[in-house]
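Here the structure is laid out as C-alpha cells; the discussion comes afterwards.
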C-alpha cells in the first residue's frame, strides 16, 4: 500500500489549480467532484456505472454506516472497499455533520456529542476517538475528524466556542488515528466571520493535516457570503496541501471555488436532483417531467457521450419519471454525475492549458442558450 | 424484416420440448422465460443488465402503456424497441388481464369493455380492434388478442359465456390485425373446467393462430387444478405451434409445465420477489433480510456466475435491503432473472440430451439442501 500524497501540478493566473492526489486505492486529478454514497451505495448505481460516468473517488457517510450495518460488520467484510466492491479511492466524513443536521436531543460536551439515532431514537455517543475508530474500520483513503458544524445563523461568541471545540477535537483525532495509510484532513470552521475563518485555518495548519476541508458552508447563507468565507480560508491554507469544500455544490459554485483555489468537492446535488427529475446540462437545468419532452426524441444533451444520452430519448426519460420507475433515478443519476465529472475535467484542462478565464466565459455563455 | 416462425427441434419422452422461435428482432430457444417490463422497463434494469442476466425476450403491458404515455407517443418514438432501447424480441399482452384485475366499474359488452383507469379514474374503452391498433403501435414481435380473463371462482354458465366471448373477440382481433410481421397468439380460456378448456383450445385452433396461450390460470386456484387445466389444454394444441402459459410462475411450476409441453412463460415473481428481498436459488428461497446474513461473506449462490453473485456478499445485499437502497432491488432482480433464465437453459439442455427425468430429480434434490 502506498500512502497519501498531493502534487500541485499547475496554478492558473486566476488561482485555479491542477493537482494529483495519490491514495492507497489509486490516483486522481484535481479539481475533483466526489458523489455521495451515504449508505455504502450511490443510489441505484453499481461501481461499473460510476466508472462509466467518469467517477474516480466517492464519499460515504460515517454516521449512517455506524448506525447501520455498524462499522464492525464493514470491517469484517473487508472495509468499505470490499463491502461495496469499489476498488477506487474513498473519503469518509466523521459523522459530525449528520449528528448536527439529522438528530434530535443533541448534547455537546468537551468529550463528544450525545444524540438520538434518526433510525430508532436510540441514545448514541460520538467522540473524536470513536470517529477515528469507526473510520479506521470503514477503511477509507481519506478521513475526517469529528467537528461541530456551527449552525447558521450563530452569534460571534457561539461561533468562537464552537470553532475552538472543533480545533481541540481535531487535535484529539490526529492523536487517536492509528492507520498511517489513511490521510486525515482538518476541518476549518468559524461560521460566517472571515476573521474567525482565518483563525481556524491557521490553528489547523499549526496542528498539521494531510489536507484541509472547509466545513460549515452551504448551510443556508447567501452565495456571496459563502464565497467570501471560501476566499478568506483559502488565503490561509498552504499551497502544497489539497483543499476540500464540503457539501458544495451547484455547477457555478464549483467554478467559483475552483477559481478560488479549491481542489475537492462533494454534494448530493447531482444525485438527489436526478431522483427529482432535474438534469444538469451545459445550457442549464432540464426538468424532465415537463410536457414539452413528451415526444422529444433527442437525448438530454445532444453531444453528451454518457450512457443515458447515448441510449435514451427525453421522451423515454420523461415516461420513466412520470411512471415512478426506478430506472428513471438511475439513468438521470448517470447523466448528472457524468456532467459533474466532465465539468471538473474541463476545468483541469483549462488550468493545464492556462486558459481558465476562457473556460469561464464559455461556461456562462452556454447557459444563455435554451436546453 | 423476417417474420415469425417456430421450429420444434426435439421432444423428450417426458413431453418436454426444445424449440426455436424466430422473430423480426431475433431468435430464441424454448422453453423460455420472459420477464415483465410493465411500463416499458424491467424495474431498475437497463437492456445491458437484462442481456447480462441471460434474458432474450421481454414482455410489456399494453394496458399500462395505453394509459401512459399512450401508444401514439410510443409509435412516434419508434415503437417499444426504439422507446426502451431493447433490440431483442418483445411480447405484449392485450390489456385484458389488467382491465379485469386492476380496474373498477368494468362493464363488458359484445363490443368490448368499459373501465375506469387505475391512474386517474378516467372512463376508458378497450375493444378487440383497439387492442390490435395499440399493439401495432407498440410494435412487439408477438401480440395477444383481447380476452376476458374468467374470474375465479366462476360457475359453468358464466365460464361458457365468457369463453365464447373470448373466442369471438379472438376472431375479430385476427381480422383487425394489419402488420404481417407481428405474430398473433390465441388465448385459451375455459376456467377450471377441463372439457371447456379442451373446447376453447379446439375453437382457437380452428380460427388458426401463430401460437397458443393458456390464460386465466394462476388466479387463486390450487396448484393441482392449475396443472390439470394445463395438461387438458396442451393435449388439444398442435405440435407445430408454440404454447405460452401466461403469468406462471414459481420454479416448480415451470418445471411441471415444461414437462407438460409448454414452451413460453412470463411472471412477475422473479422481479417482484427480488424487490421484496427474496432470492431464488437451486436450494430454494433465500430471504436476504434475515439476521443470519449480517456478516455472511458468501454470494447468494456459491457457483452462480451472475453479476450480483460475482460482486456482492450476502452481507452487502442484506445491508442494501435493510437500508431501503434501490440498488438492492436491482442487484436482487439481476440474480433472480439469471436464476430463471438458467433454469430454462438447463431444461433446454435436458431435452436436447434426452434426460429431462434426471434433470427433474436433480432439481428436486437440490431443494432438500440448505441455501
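The values are calculated or read from the model by the stated rules, or taken from the named source; none is laboratory data. This structure is a prediction, so every number in the text was calculated from the model and none was measured. Note that each Cβ is placed from the backbone with ideal geometry, even for glycine, and that neighbours are counted across all protein chains shown.
Below, the figures for the structure above:
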item	result
Members of the range A:131-160 found to be free of Cβ contacts under 8 Å to residues at least 40 places away in the same chain and crowded, with 20+ Cβ neighbours inside 10 Å, listed by number	A:159
Helices (runs of 4 or more DSSP H) wholly inside the range B:264-330 that include at least 1 residues being at pLDDT 95 or above and on the phi > 0 side of the Ramachandran plot	none
Meets criteria (surrounded by 21 or more Cβ atoms within 10 Å (Cβ to Cβ), closer than 20 Å to residue B:276 by Cβ and in contact with a strand residue (DSSP E or B) (Cβ under 8 Å, 6 or more places away or on another chain)) for residue B:340	yes
Residue list for the range B:205-228, restricted to those being buried (at least 22 other Cβ atoms within 10 Å of the Cβ) and assigned to a loop (DSSP other than H, G, I, E, B)	B:215, B:216, B:217
Sole residue being over 30 Å from residue B:174 (Cβ atoms) and in contact (Cβ under 8 Å) with a residue 40 or more places away in the chain, chosen from B:289, B:285, B:223	B:285
Matching residues, the range A:316-341, being within 18 Å of residue A:370 (Cβ to Cβ) and facing another protein chain (nearest Cβ under 8 Å)	A:318
All positions within the range B:37-55 that are crowded, with 20+ Cβ neighbours inside 10 Å and under 21 Å from residue B:250 (Cα atoms)	B:37, B:42, B:43, B:50, B:53, B:55
Single match in A:37, A:26, A:52, A:70 (criterion: more than 20 Å from the chain's Cα centre (by Cα) and assigned by TED's automatic domain parsing to the domain that holds residue A:91)	A:70
Residue check, residue A:107 without any contact (Cβ under 8 Å) to a residue 12 or more places away in the chain and over 27 Å from residue A:203 (Cβ atoms)	no
Residue in the range A:112-124 that is within 17 Å of residue A:170 (Cα to Cα) and modelled with pLDDT of 95 or more present	yes
Test for residue A:29: is it closer than 21 Å to residue A:234 by Cα and modelled with pLDDT under 95	no
Candidate set: the range B:53-68, residues that are more than 17 Å from residue B:144 (Cα to Cα) and touching a helix residue (DSSP H, G or I) at 6+ places or on another chain (Cβ under 9 Å); chosen: the one nearest to the other protein chains (Cβ to nearest Cβ)	B:68
Subset of the range A:278-298 that is in contact with a helix residue (DSSP H, G or I) (Cβ under 8 Å, 6 or more places away or on another chain) and farther than 23 Å from residue A:252 by Cα - its residue that is farthest from the other protein chains (Cβ to nearest Cβ)	A:290
Filtered residues of the range B:58-68 (kept if farther than 22 Å from residue B:120 by Cβ and assigned to a loop (DSSP other than H, G, I, E, B))	none
Residue match in the range A:248-271 (condition: within 14 Å of chain B (Cβ to nearest Cβ) and out of contact with any helix residue (DSSP H, G or I) (no Cβ under 8 Å at 6 or more places or on another chain))	no
Conditions (1) closer than 22 Å to residue A:344 by Cα; (2) over 13 Å from the mean Cα position of the chain (by Cα); number of the one not met by residue A:250	(2)
Residue among B:360, B:349 that is surrounded by fewer than 18 Cβ atoms within 10 Å (Cβ to Cβ) and not in a loop (DSSP other than H, G, I, E, B)	B:349
Residue satisfying all of: in the range A:235-252; under 14 Å from residue A:16 (Cβ atoms) and without any contact (Cβ under 8 Å) to a residue 40 or more places away in the chain; surrounded by the fewest Cβ atoms within 10 Å (Cβ to Cβ) among these	A:243
Residue within the range B:355-370 that is within 25 Å of the chain's Cα centre (by Cα), in contact (Cβ under 8 Å) with a residue 40 or more places away in the chain and within 11 Å of chain A (Cβ to nearest Cβ) present	no
Wholly enclosed strands (runs of 3 or more DSSP E) of the range A:69-130 bearing at least 1 residues surrounded by fewer than 20 Cβ atoms within 10 Å (Cβ to Cβ) and more than 14 Å from chain B (Cβ to nearest Cβ)	A:104-108, A:113-116, A:123-126
